[in-house]
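Engineer: Below is the structure I would like to discuss, written out as structure tokens.
The values are calculated or read from the model by the stated rules, or taken from the named source; none is laboratory data. Bear in mind that the values here come from a model prediction, so they are computed numbers and not experimental data. Here the Cβ positions follow ideal geometry from the backbone for every residue, glycine too, while neighbour counts run over all protein chains shown.
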Amino acid sequence: MNASDPDIQQPDVPGSNPGTTHAETQTSGAGEDFDLSESVILVVDDNQQNVELIQAYLDDLPCKVLTAYDGMDAIEIVEDPDKPTPDLILLDVMMPRMSGFDVCRKLKDDPKTRTIPIMMVTALNELGDIERGVESGTDDFVTKPVNKLELITRVKSLLRVRHLKRELDRTEAYIRDIERIEGRDSGND
């Protein structure tokens, strides 16, 4: 088998992109680097001041930030093929037209969007609200008023998980390609 075979896609190795500068790479704190410059975060809240505050907090990260002001707009953005697919959704719970619980449930029920991490950003903090969020599929919670350090730490953590999942998917596809080619080559013997 030849590793330069054009039928085999080489997996991206973190840190191997010569075009990535140190400023584009965020350190996870555990000694691992991952590039956040391609990450897209969707902030969904019906209160414009809350959206602006979260955007200001996220300014420290080299991510693209999209915004929506209710649940229906959030669904439209996620499903719009002309917009980048979010790598993380920060989702308010109490919104007009469609609650955060309903948005989360809809996205987690769809195979095309179920792997997008969702963090609920909410003033609700009763056990029943947390249980309802977990049942709808949320990946994390942060309570209002939002603490900047907590938000940034959790955002980085969820983006790191998303990044690692993509690396795993690429590696699995690479292994499947190798197995397919080896199977094809062994059939020629």
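Engineer: Look at segment 167-181 and say how many of its residues are in contact (Cβ under 8 Å) with a residue 40 or more places away in the chain and among the hydrophobic types (A, V, I, L, M, F, W, C).
Structural biologist: 3
Engineer: For segment 112-122, check the following and say yes or no: at least one residue is closer than 18 Å to Leu42 by Cα, without any contact (Cβ under 8 Å) to a residue 24 or more places away in the chain and either surrounded by 14 or more Cβ atoms within 10 Å (Cβ to Cβ) or not aliphatic (A, V, I, L, M) (or both).
Structural biologist: So in segment 112-122, the residues closer than 18 Å to Leu42 by Cα come out as 112-122.
Then drop every residue that is not without any contact (Cβ under 8 Å) to a residue 24 or more places away in the chain, which leaves 112, 114.
Those still in the list that are either surrounded by 14 or more Cβ atoms within 10 Å (Cβ to Cβ) or not aliphatic (A, V, I, L, M) (or both) too: 112, 114.
Yes, there is a match, as at least one residue in segment 112-122 is closer than 18 Å to Leu42 by Cα, without any contact (Cβ under 8 Å) to a residue 24 or more places away in the chain and either surrounded by 14 or more Cβ atoms within 10 Å (Cβ to Cβ) or not aliphatic (A, V, I, L, M) (or both).
Engineer: Going by the conditions given, is Ile130 within 23 Å of Gln55 (Cα to Cα) and of a type in the set (A, V, I, L, M, F, W, C)?
Structural biologist: No; evaluated as a whole, the condition is false for this residue.
Engineer: Looking at Ala56 and the list (1) outside any helix (DSSP H, G or I); (2) at pLDDT 95 or above; (3) surrounded by fewer than 17 Cβ atoms within 10 Å (Cβ to Cβ), which single condition is not satisfied?
Structural biologist: That leaves (1) as the condition not met.
Engineer: Something else: Kindly check whether there is at least one residue in segment 180-187 that is exposed (fewer than 14 other Cβ atoms within 10 Å of the Cβ) and among the basic types (Lys, Arg). Walk me through how you get there before you give the answer.
Structural biologist: Step one: of segment 180-187, the residues exposed (fewer than 14 other Cβ atoms within 10 Å of the Cβ) are 180, 182-187.
Among the residues that remain, those that are also among the basic types (Lys, Arg) are: 180, 184.
Yes; the residues of segment 180-187 include at least one that is exposed (fewer than 14 other Cβ atoms within 10 Å of the Cβ) and among the basic types (Lys, Arg).
Engineer: Using beta carbons and a limit of 7 Å, which pairs, at least six apart or on different chains, have the first residue in segment 79-91 and under 15 Å from Met120 (Cα atoms) and at pLDDT 95 or above and the second one among the hydroxyl-bearing types (Ser, Thr, Tyr) and surrounded by 15 or more Cβ atoms within 10 Å (Cβ to Cβ)?
Structural biologist: So the pair list comes out as Asp87/Ser39.
Engineer: Looking at the structure I just gave you, is Ile152 within 22 Å of Ile54 (Cα to Cα), among the β-branched types (Val, Ile, Thr), at pLDDT 95 or above and assigned to a strand (DSSP E or B)?
Structural biologist: Working: within 22 Å of Ile54 (Cα to Cα): yes; among the β-branched types (Val, Ile, Thr): yes; at pLDDT 95 or above: yes; assigned to a strand (DSSP E or B): no.
Considered against the rule, which asks whether it is within 22 Å of Ile54 (Cα to Cα), among the β-branched types (Val, Ile, Thr), at pLDDT 95 or above and assigned to a strand (DSSP E or B), Ile152 comes out as no.
Engineer: Filter segment 80-134 down to the residues that are among the aliphatic types (A, V, I, L, M) and farther than 17 Å from Ala68 by Cα and list them by number.
Structural biologist: Ala123, Leu124, Leu127, Ile130, Val134 - these are the residues of segment 80-134 that are among the aliphatic types (A, V, I, L, M) and farther than 17 Å from Ala68 by Cα.
Yes/no matrix, rows are residues, columns are (1) within 25 Å of Met94 (Cβ to Cβ); (2) touching a strand residue (DSSP E or B) at 6+ places or on another chain (Cβ under 6 Å):
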position: Asp129; (1), (2): yes, no
position: Ser136; (1), (2): yes, no
position: Asp139; (1), (2): yes, yes
position: Val142; (1), (2): yes, yes
position: Pro145; (1), (2): yes, no
position: Leu164; (1), (2): no, no
position: Asp169; (1), (2): no, no
position: Glu172; (1), (2): no, no
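Engineer: Which residue is modelled with the lowest pLDDT, if the candidates are limited to segment 100-136 and must be part of a helix (DSSP H, G or I) and β-branched (Val, Ile, Thr)? Break it down stepwise before answering.
Structural biologist: In the first step, residues of segment 100-136 are kept if they are part of a helix (DSSP H, G or I); the result is 100-109, 127-136.
Now narrow it down to the ones that are β-branched (Val, Ile, Thr): 103, 130, 134.
Working: Val103: 97, Ile130: 85, Val134: 92.
Going through the qualifying residues, I end up with Ile130.
Engineer: So which residues in segment 130-172 are buried (at least 16 other Cβ atoms within 10 Å of the Cβ) and among the charged types (D, E, K, R), if there are any at all?
Structural biologist: Answer for segment 130-172, where residues must be buried (at least 16 other Cβ atoms within 10 Å of the Cβ) and among the charged types (D, E, K, R): Arg132, Asp139, Asp140, Lys144, Arg154, Lys156, Arg160, Arg162.
Engineer: Ile175 versus (1) modelled with pLDDT of 90 or more; (2) not in a helix (DSSP H, G or I): which is the lone unmet condition?
Structural biologist: Failing condition for Ile175: (2).
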